[in-house]
Number of protein chains: 2
Amino acid sequence: MSKHPLNTFFAPDSIAIIGASRDEKKIPGLLLTFLRRNGFAGEIYPVNPSYESIGDLKCYPSIAAVDKSIDLAIVIIPARAVLSALQECAAAGAKNAIVISSGFAEEGGESADMQAEIAELARRTGMRISGPNAEGFYNEPQRIAATFSPTVDVRPDAPRLLASPRRVGIVAQSGGIGFAIYNRAKAMGVAVSKVISTGNESDLAAGEFLDYMAQDADTDAILMFIEGIRDPHMFVAAARRAAEAGKPVIVTKVGRSGAGERAAASHTASMAGWTAAYDAVFAKYGFIVSHDLDEAVAIAAAFATAPVPRGDRVAVVTVSGGAGAWVADTLATEGLQVPELSQSLQAQVRALIPSYGSPRNPVDITAQAVHSGGLQTIVGLLEQSDDIDVIVVVVSLASETRIPVKREEIKPLIDAQRKPILFFTYTLPSQFARTELAASGIVAFPGITALGRAVSHLVRQSRFKFPGRGAPELSEPVSSLKSVPEKLSEHESKLLLQETGIAVPPGYLIRDRSQLASALSGLMFPVAMKIQSRDIPHKSEAGGVKVNVRDLDEAAAAFDELIARARTYKPDAKIDGVLAEPMARPGVEMIVGTVNDDTFGPIVMVGLGGIATELFKDVVYRPAPVDEAEAMAMIGELKSAALLNGFRGAPKVDTAALAALIVRISQLAAGLKDRVSEIEINPVRVHETGAGITIVDALIAGRG
Amino acid sequence: MSKHPLNTFFAPDSIAIIGASRDEKKIPGLLLTFLRRNGFAGEIYPVNPSYESIGDLKCYPSIAAVDKSIDLAIVIIPARAVLSALQECAAAGAKNAIVISSGFAEEGGESADMQAEIAELARRTGMRISGPNAEGFYNEPQRIAATFSPTVDVRPDAPRLLASPRRVGIVAQSGGIGFAIYNRAKAMGVAVSKVISTGNESDLAAGEFLDYMAQDADTDAILMFIEGIRDPHMFVAAARRAAEAGKPVIVTKVGRSGAGERAAASHTASMAGWTAAYDAVFAKYGFIVSHDLDEAVAIAAAFATAPVPRGDRVAVVTVSGGAGAWVADTLATEGLQVPELSQSLQAQVRALIPSYGSPRNPVDITAQAVHSGGLQTIVGLLEQSDDIDVIVVVVSLASETRIPVKREEIKPLIDAQRKPILFFTYTLPSQFARTELAASGIVAFPGITALGRAVSHLVRQSRFKFPGRGAPELSEPVSSLKSVPEKLSEHESKLLLQETGIAVPPGYLIRDRSQLASALSGLMFPVAMKIQSRDIPHKSEAGGVKVNVRDLDEAAAAFDELIARARTYKPDAKIDGVLAEPMARPGVEMIVGTVNDDTFGPIVMVGLGGIATELFKDVVYRPAPVDEAEAMAMIGELKSAALLNGFRGAPKVDTAALAALIVRISQLAAGLKDRVSEIEINPVRVHETGAGITIVDALIAGRG
């Protein structure tokens, strides 16, 4: 960690501000003000030929004139002057730079060319450059404010509330959102390590900043806001590092809709990419996806304050019956258990609450038990109980003069907590209550849905199995194959699968009517007969499939009909012939496929066949290749997984064989990613356990 | 409205406080303090034999001693003394009473009996009683605080922020939640009419309070928190009245999980009931269901500030590209459109923003355009445009000194808005910003998911078609039928359906092998043959079904086998015989059924047959009976509706015939609710348009 290349970026000993200003209403002036108000202890070198000094600081006419070691140069000048300023910085030996100025790739044209030159400068000189179009960063533990965001301003009347013992790092591809997350984390009393706004990412991109956070000793959990990843290799390596370090990453990815994509594209000139590919990568590394600002911060707050629980049994201790019921419902919706307490525990609790309370769970202690100090005692009992893994305390924190717990009693419980103890307040917490609770290391959660998600993710974190490095290496299963045509027919696709060791049904391509008898002599009737042509990928639509063909006579008639229909359907189609295969045994129909994503490469998917995939979006994706454990996890994540495990008395099906197919297809896609763009096995029939699978249909698209 | 029986309850001229106290730390003292601090203009009569006066108020030894007209008596004394105090109130001619005291039905036993006597007293005397175990109410426009909730206290340093031109009424079966909603509404600047906490509802229950709010001229939208409805007839009538008055009702119903139900039961001794029945009633009357406190308040805030839009096309005007993309994604997730602006509109916008902004939609105006006043101008352009139905303005309101709009420019736009103009802030709004915006009638929405939901519900409200009174009256289709056995066989069920005019397939019940030939002479082969016995409701599980029976010989063999299998499966089953029916034509398999709910009576449901119902919970419910429009709406709400409307090139199916079946079955269930407890038609095959339906299987359960 001590050696991370970005150390001098986030913890510089000296900062030059190119374009520094005395006008505190404008961005350069604001930045200097915030930097100084936060008490930056290093050297500050304002650079601006118009001034001799700014306040008590000497102002330099140029970078070269500084003539001292510069760890970080912050550039806030008109876009056209930026490149030459950066060249001067590099010449002066500056280690890092942040370009705040806008008007580069997000404008396109010549402005985009200027950004390309900035990137080239970074590559050539080794000076690391963040931005342009960035809002800078804030290093909270060291109080280094290299940003003009007003959220980092110091207000003596509103001291920083620090309720969480651990710190959250924030990496955002939007300054507005990055510092809004900081603003909201601060309001909840969540401690922050660094906030970085990555701007247009000419050189330093989000993946590298994630890598820094994954290794930063001050960062315990990470919040990310992503529009589009520009350094996917770095990002994936950093994701792995964060997972290995056990640092949860809570991520929001925008550009999921057409309008969102348009916005991301015009904002920092990033491409939003294919959402499913992002979600596949997030799932692999155990990232927690959130679509809500407060929810994302609440989840981070939970990780920053509470230990990871051992199980999913939650006790709800409440002063309001209605609020307790609501929280219990919310937790149940998240799939958590809110079990009735054991009789012995109920007896202990009953002694501490009035007769109109309830000891069952939710434990309704009523306002009276709060006055008598019962709340802490009951939390203490639950903390000791083996029946409970998480404790949620439901209170009202609106009062400006009282809180429902005594600091001297609750703080030792919180300090020693072996299981999460989280506080939800149904009224909005007063400043007094937040300050009081923070002194005991307690964050007050005001959002009921967000609280439920936070508890759920704490529990899921305890169950997350990192795929580790066991995923198979990329292999080259068909090294002889130079190139794959853009569209293969089913028969050609199946031959390619067979070449790579994937079993396909025995089948004959009957090119000519005269081959019928000899071809079919090798198959058992009944058979399925299917037209084969690269120009007819959707055979059923073309009437190109005949099933349950029972004898040679039927087969002959079917052959003629299929050929005739194909000619009618698409007169100019090049027809290879008719594929005959034995009818597949019954089984659950699934889809397995791969698509090559521009950012993350091949992605493998599995879904229920038929209507479920399309109507209910019941599909799971992972970056390829996957190993068997990952493939089994993918299958388990399907809503329709129940269908595979003996649904309504049906036999369990061969999920191991299905998993093996997913693995093999994912390896194939990864190994041939330069030659194959898509694989679709649809359907594959999964037979009962031990009876394997049948690939009924397959289509491979090559890169030509 | 002026004659509503609860007028004197919510707007009393005189209030007696039974159990009044000088101790301001205890509930009776707090209540008196809040009542006076809010400036209640009527008479206050403290009743307590221990005092001669409380402050400057005369204190009475008993109710009788007051000897003046009492509109409202508030009772805060130990449980055992409550009944006699209420008797005295009634004797003294008090019009209404609120019992704050706890220790009644929620304790069970003798305490529950006391509550029953309170209810009886109300019935006998006509004095209306709210509670026991209630937290009272707050009438905000008239500033009548009949509650000890600290949320109604008056703080001179924190003046009430009123941003919404319209008011929200709050009805809650939990004092904690009711006043928490008030607390959060207040924080957003949403004006409130009345908050009522309904307690144990010995007499006055939630339905009647909803009825009051539906008629109250001060109430424009209603927020409800429900544990379990005790006056369902009143509730349903009030729901209809609210819908007819065009007042949106935003409802949270808890007790959806086992633990939530347990909590509701022990809290105010209410039964949570069957959630689907509640949701069915909510859907019928257009209630908006929310599971989150802040979201519910945000939706109410939208209705209290914005007009109902004409369509679903939303423009997002943002100062942050990232935040704009996020909001656009959120809106798209809610099914709303965020369309690219027309070229002419883009040209007008482009003139007002810097080159690195975007006029497309989201309209990224950048911070620079804010400084130049472009924000208001662009909102004005969008307000005039026919391309847009809703405007969402995305800003940062964290500053304590500046807001991004000028009051003199934005206020006229807001005052004259013909379409919703909603403000989302990605940072938390400062007190300064909230106060400034409130002065222009603007509520700042801080939750991104909640904002999306609020916009979505505004749009849905514009589309909501109230079923009106067109739903068919309850009918008695089989008046001859005295009672229905608890379990009917398929054949018996189908006969009952047929009696009520619902077509079932031609079929013969073959009781004896000797009847085979004559029975089957009337049917076309192939046929389906199914064992018939009230003791074997799940025929397939018992191996009791043979399909595609092709001739008389196969039928004879099938008959023997079905009888033999049934004897093996359940040796003591009383077997009626074997039902033979022609094989049903192909079609989409659906389920139609009814269940009798304890609270709301018969509920009708429709769902996709097969795995979808169970795996994907794709089922829609409504209270029975429904008319054809409602039945069509139910079908339209199914996720699988696409499957009925020509999915993947398949023909459209006969949804009109399916709707007619839903109507008929719902009428049957309503008409026979005292004799029939459940109907399940599973599956019904829906054939292509014009070809009707086939009831393949049916099961009716009677009440015996």
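The values are calculated or read from the model by the stated rules, or taken from the named source; none is laboratory data. Just so it is clear, the model here is predicted, and its values are computed rather than measured. Cβ placement follows ideal geometry from the backbone for every residue including glycine, while neighbour counts extend to all protein chains displayed. To get the accessible areas, we keep the full protein, side chains included, count just its heavy atoms, and leave off ligands, DNA and RNA. Shrake-Rupley method; radii C 1.70, N 1.55, O 1.52, S 1.80 Å.
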*asked:* I'd like to know if segment B:172-180 contains one or more residues that are of a type in the set (V, I, T), within 14 Å of another protein chain (Cβ to nearest Cβ) and open to solvent by 10 Å² or more (accessible area, probe 1.4 Å).
replied: no
*When both residues are 6+ apart or on different chains and their Cβ atoms are under 8 Å apart, which pairs have a first residue that lies in segment B:310-326 and is closer than 16 Å to A:A264 by Cα, and a second that is part of a strand (DSSP E or B) and of a type in the set (S, T, Y)?*
B:G321/B:S358; B:G324/B:T318; B:W326/A:T252
*For segment B:335-357, how many residues are among the polar types (S, T, N, Q) and either part of a loop (DSSP other than H, G, I, E, B) or crowded, with 24+ Cβ neighbours inside 10 Å (or both)?*
2
*Take A:V405 and decide whether it is crowded, with 20+ Cβ neighbours inside 10 Å, more than 31 Å from the chain's Cα centre (by Cα) and in contact (Cβ under 8 Å) with a residue 24 or more places away in the chain.*
yes
*When segment A:637-666 is examined, which residues are found to be within 14 Å of another protein chain (Cβ to nearest Cβ) and either in a helix (DSSP H, G or I) or within 26 Å of the chain's Cα centre (by Cα) (or both)?*
A:E637, A:L638, A:K639, A:S640, A:A641, A:A642, A:L643, A:L644, A:F647, A:R648, A:G649
*Quick one: which of B:V236, B:V289, B:V297 is within 17 Å of B:F209 (Cα to Cα), more than 10 Å from chain A (Cβ to nearest Cβ) and either at pLDDT 95 or above or crowded, with 24+ Cβ neighbours inside 10 Å (or both)?*
B:V236
_Against the conditions (1) within 11 Å of chain B (Cβ to nearest Cβ); (2) buried (at least 19 other Cβ atoms within 10 Å of the Cβ); (3) not hydroxyl-bearing (S, T, Y), where does A:A369 fall short? Just the number, please._
(1)
*Starting from segment A:420-431, take each residue that is more than 10 Å from every other protein chain (Cβ to nearest Cβ) and list its partners that are open to solvent by 10 Å² or more (accessible area, probe 1.4 Å) and of a type in the set (K, R), counting only C-beta distances under 8 angstrom and pairs at least six apart or across chains.*
none
*Within segment A:690-700, can one find any residue that is assigned to a helix (DSSP H, G or I), open to solvent by 20 Å² or more (accessible area, probe 1.4 Å) and of a type outside the set (D, E)?*
no
_Subset of segment B:528-577 [among the aromatic types (F, W, Y) and either under 43 Å from the mean Cα position of the chain (by Cα) or open to solvent by 80 Å² or more (accessible area, probe 1.4 Å) (or both)]_ = B:Y569
*Just checking, which of A:R230, A:R256, A:R241 is away from every other protein chain (no Cβ under 11 Å) and assigned to a loop (DSSP other than H, G, I, E, B)?*
A:R230
*Can A:G587 be described as open to solvent by 30 Å² or more (accessible area, probe 1.4 Å) and in contact with a strand residue (DSSP E or B) (Cβ under 6 Å, 6 or more places away or on another chain)?*
yes
*asked:* I'd like to check something: does segment A:215-226 contain any residue that is in a helix (DSSP H, G or I), open to solvent by 10 Å² or more (accessible area, probe 1.4 Å) and farther than 19 Å from A:I98 by Cβ?
replied: yes
*asked:* If the requirement is being part of a helix (DSSP H, G or I), out of contact with any strand residue (DSSP E or B) (no Cβ under 9 Å at 6 or more places or on another chain) and not basic (K, R), which of these qualifies: B:L331, B:L381?
replied: B:L381
*Output yes when any residue across segment A:414-432 is of a type outside the set (V, I, T), part of a helix (DSSP H, G or I), in contact with a strand residue (DSSP E or B) (Cβ under 9 Å, 6 or more places away or on another chain) and assigned by TED's automatic domain parsing to the domain that holds A:G373, and no when none is.*
no
*How many residues are in a strand (DSSP E or B) and either within 22 Å of the chain's Cα centre (by Cα) or crowded, with 24+ Cβ neighbours inside 10 Å (or both) if we restrict to segment A:300-315?*
2
*State all residues of segment A:613-630 that are aliphatic (A, V, I, L, M) and buried (at least 24 other Cβ atoms within 10 Å of the Cβ); if no residue qualifies, say none.*
A:A624, A:V626
_Taking the criterion of being modelled with pLDDT of 95 or more and among the basic types (K, R), would at least one residue in segment B:383-404 satisfy it?_
no
*Using beta carbons and a limit of 7 Å, which pairs, at least six apart or on different chains, have the first residue in segment B:67-88 and within 24 Å of B:D13 (Cα to Cα) and the second one in a helix (DSSP H, G or I) and of a type in the set (F, W, Y)?*
B:L72/B:F9
*asked:* So A:H457 ticks every box in (1) in a loop (DSSP other than H, G, I, E, B); (2) farther than 30 Å from A:P582 by Cα; (3) at pLDDT 90 or above but one. Which box is left unticked?
replied: (1)
_When residues of segment A:316-334 are limited to those that are crowded, with 24+ Cβ neighbours inside 10 Å, of a type in the set (A, V, I, L, M) and out of contact with any Pro (no Cβ under 8 Å at 6 or more places or on another chain), the one farthest from A:K419 (Cα to Cα)_ = A:A323
*Check on A:A263, under 30 Å from A:R360 (Cα atoms), of a type outside the set (S, T, N, Q) and within 12 Å of chain B (Cβ to nearest Cβ)*: no
_So, in segment A:358-378, exactly how many residues are under 16 Å from B:A263 (Cβ atoms), assigned to a helix (DSSP H, G or I) and among the β-branched types (V, I, T)?_
2
*Restricting attention to segment A:508-527, does a residue exist that is of a type in the set (V, I, T), buried (at least 19 other Cβ atoms within 10 Å of the Cβ) and over 25 Å from A:L661 (Cβ atoms)?*
yes
*Kindly provide the set of residues from segment B:151-167 that are more than 17 Å from A:A398 (Cα to Cα), charged (D, E, K, R) and open to solvent by 70 Å² or more (accessible area, probe 1.4 Å), ordered by number.*
B:R166
*Filter result for the condition that a residue is of a type outside the set (A, V, I, L, M) and more than 10 Å from every other protein chain (Cβ to nearest Cβ), over A:P412, A:P354*: A:P412
*Just a yes or no: is a residue in segment A:645-668 among the hydroxyl-bearing types (S, T, Y) and in contact (Cβ under 8 Å) with a residue 60 or more places away in the chain?*
yes
*All but one of (1) under 14 Å from B:I591 (Cα atoms); (2) hydrophobic (A, V, I, L, M, F, W, C); (3) at pLDDT 95 or above hold for B:A641, so report the exception by its number.*
(3)
